[in-house]
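Below is one structure; the comments refer to it alone.
Read-outs: derived from the displayed coordinates by stated rules, not from any lab. Values in this document were obtained by computation on a predicted structure and should not be read as measured data. Here the Cβ positions follow ideal geometry from the backbone for every residue, glycine too, while neighbour counts run over all protein chains shown.
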Amino acid sequence: MAGYYEKKVLLKRLNHRGAERIAIFFEKDSELISICKSMRALYSRTHKCWYLDNKRENMKAIFEAFKRKAWVDGSAFFDKNKTPQHLVKERIDIDLTSYAQQELAHFSSSLKARGMSLSTIISYEHALRMFLSYYKEIAPSEINNDHINSFLSDHLYAQGYSRSYHSQFISAIKHFYRDRFQKKVEVDLLVHPKRDKRLPKIFSKEEVACILRSTPNLKHKTLLSLQYGLGLRVSELINLRLSDIDFNRGTVIIFGKGRKGRRVFLGTGLCTVLDTYLEAYKPSDRLFEGQNGEYSRTSVNNVLKRAARRAGIMRNVNSHMLRHSYATHLLEGGVDLRYIQELLGHRSSKTTEIYTYVSTKSLGKIESPFDGLKL
């Protein structure tokens, strides 16, 4: 067998035959081909890759199947700001010492014990593998803040990685050294890079109504209605289950980031929409399922994009705009910012305050100096 991580597997998003897939790329290798066949992956001559349906269980199976056989780069699924070009250019040697491998295994176990999501675990493992391989001549226990800062500046910053990708590495390193080597690394001194303060894009109430009217498919209409009407993240939306809904009280329990739960109210309008949907589809567990299993983030985005086009909205849209619109419309309706924070599941009020910059309620009362000109 080849040395650990000498073989590399690259995962990419693929839309093939009308469905979202996980594309599996690697240099021709009989052992890796056998692994793909054992997972019942199919081969696409058109795209020259193996592929599986884009499902969480398939992603987990891929990482398990290639474990100790090849290094798997799945960052295309977990870092939306990292471009495919970055993936192609990535040339860092991922070969680790046995000691580093043991430390990585302990790290993975601790993340699972904390109940972190699969996507977070995979992202952190990828980041830490890259970091430890960068300093493979130095034992993880001997790495200090200077080493970390050199890696961040000489590799991540120098190669133009996004701030979110940069921040992801810092989070992974912080978790690792807080658990294992607190004496060597002062994690509180590791500062996340400043993010661009971009205002969230939103729909007007009229645009939301037009989008929903332009969605004839009942499942899609219910999907979009719940995301807007409850202000959900996409991950929260696709993970909704029947057991989360209290029909007697008209409420829904939402499990957000970090499995933090919050209760939101359906309201009479959403109750009606949901009753119609449940009567027609009769889901048994997960509220929304596609033809090939659970909905993906990409699938939800595509549903909204098609609905927006039918509604005559030609600008670029994404499903998170419905959550932003929900918050902004609540604020414009006079709801206190503290309640909006609770409804959205924000840990910090500073996160919620960004909607005060988007709301046009107060801005609409300001008279432009141009209007006072006598032309």
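Taking the number of Cβ atoms within 10 Å of each Cβ as an exposure proxy, the fewest-first ranking of Cys210, Cys271, Cys49 is Cys271, Cys210, Cys49. Of interest is the spacing of the C-alpha centroids, which for the range 10-66 and the range 262-276 amounts to 39 Å. In a DSSP loop and with at most 12 other Cβ atoms within 10 Å, the trypsin sites (Lys or Arg not before Pro) in the range 219-276 are Arg249, Lys260.
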